[in-house]
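Here is the structure we will look at.
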Amino acid sequence: MSGPFDLEAEVRDLAARRDITGAVQRYMRGLDRLDPVLQATAFHADSFVDCGLMAGPVAEFITFAQGFLGDLDASQHFLGQIQIDLHGDDTASGECYFQAWHGLHDEAGNPRDLFIAGRYVDEYTCKNGEWRIAKRKLITDWVKNDPADHSFYVANPTTNRPGRRGEDFSQTRDWPS
């Protein structure tokens, strides 16, 4: 049997998990919207990231990621299960599953769908009351690179399409009058 219920400790635990999950979600949204400022809010300024294609300080990683994704037509990142282990009041570790789609073109200009799935293995810290990623390593579990089929968009030209660099509807919310 565990000790007496501690409501204050439970609230701190839940708030930490909420804030860590929020950081992970801001990271993903910053990637897909090509928003380096939003992406940076997921990390502390002295964080370290190893994505396999580069490893180093978070500022260098954000420049790399924004450039890499900016050269693509589009991307969409999904989060799967997120496991978080708290270690006291200011450190935690976790693992986040993801799947990512990348729209690109091959050397001949043909559209391709590149799928990457894997996990982020993270260390989190709380500094000045803010939980953020302190260390991140991307583990690639599988990759699939297929020819893309855009016939749906051709047949349905009024389909609402995504935007980047501040032009996505989720950012503009440009509702009709």
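Just so you know, all these numbers are worked out from the coordinates, no wet-lab data involved. Just so we're clear, the structure is a prediction, and the values are computed from it rather than from any experiment. In this analysis, Cβ positions are derived from the backbone assuming ideal geometry, glycine residues included, and neighbour counts consider all displayed protein chains.
Inside region 113-131, can you point out the residues that are surrounded by 12 or more Cβ atoms within 10 Å (Cβ to Cβ), more than 17 Å from Asp73 (Cβ to Cβ) and either aliphatic (A, V, I, L, M) or free of Cβ contacts under 8 Å to residues at least 40 places away in the same chain (or both)? Result: Ala117, Gly118, Arg119, Val121, Glu123. Only one of the listed residues (Asp141, Asp146, Asp106) is among the acidic types (Asp, Glu) and in contact with an Asp or Glu (Cβ under 7 Å, 6 or more places away or on another chain). That residue is Asp146.
Between Asp89, Asp35, Asp73, Asp85, the distinction of being surrounded by 13 or more Cβ atoms within 10 Å (Cβ to Cβ) and more than 15 Å from the chain's Cα centre (by Cα) belongs to Asp73 only. Determine, yes or no, whether Ala155 is over 20 Å from the mean Cα position of the chain (by Cα), more than 19 Å from Gln25 (Cβ to Cβ), surrounded by 11 or more Cβ atoms within 10 Å (Cβ to Cβ) and among the aliphatic types (A, V, I, L, M). Considered against the rule, which asks whether it is over 20 Å from the mean Cα position of the chain (by Cα), more than 19 Å from Gln25 (Cβ to Cβ), surrounded by 11 or more Cβ atoms within 10 Å (Cβ to Cβ) and among the aliphatic types (A, V, I, L, M), Ala155 comes out as no. The residues of region 111-135 that are touching a strand residue (DSSP E or B) at 6+ places or on another chain (Cβ under 7 Å), more than 9 Å from His44 (Cβ to Cβ) and among the small types (Gly, Ala, Ser), listed by number, are Ala117, Gly118. Among the residues making up region 142-177, those that are among the charged types (D, E, K, R) and farther than 22 Å from Gly109 by Cα are Arg165, Glu167, Asp168, Arg173, Asp174.
Report those strands (runs of 3 or more DSSP E) wholly inside region 26-122 carrying at least 2 residues which are polar (S, T, N, Q) and in contact with a His (Cβ under 8 Å, 6 or more places away or on another chain). Working first, answer last.
Details: elements: 43-50, 55-57, 74-86, 91-105.
Where strands (runs of 3 or more DSSP E) fall fully within region 26-122 and carry at least 2 residues being polar (S, T, N, Q) and in contact with a His (Cβ under 8 Å, 6 or more places away or on another chain), they are 91-105.
Of all residues in region 122-173, those being under 30 Å from Ser93 (Cβ atoms) and not small (Gly, Ala, Ser) number 21.
The residues listed here are Ala134, Ala148; of these, the one that is touching a residue at least 40 places away in the same chain (Cβ under 8 Å) and touching a Pro at 6+ places or on another chain (Cβ under 9 Å) is Ala148.
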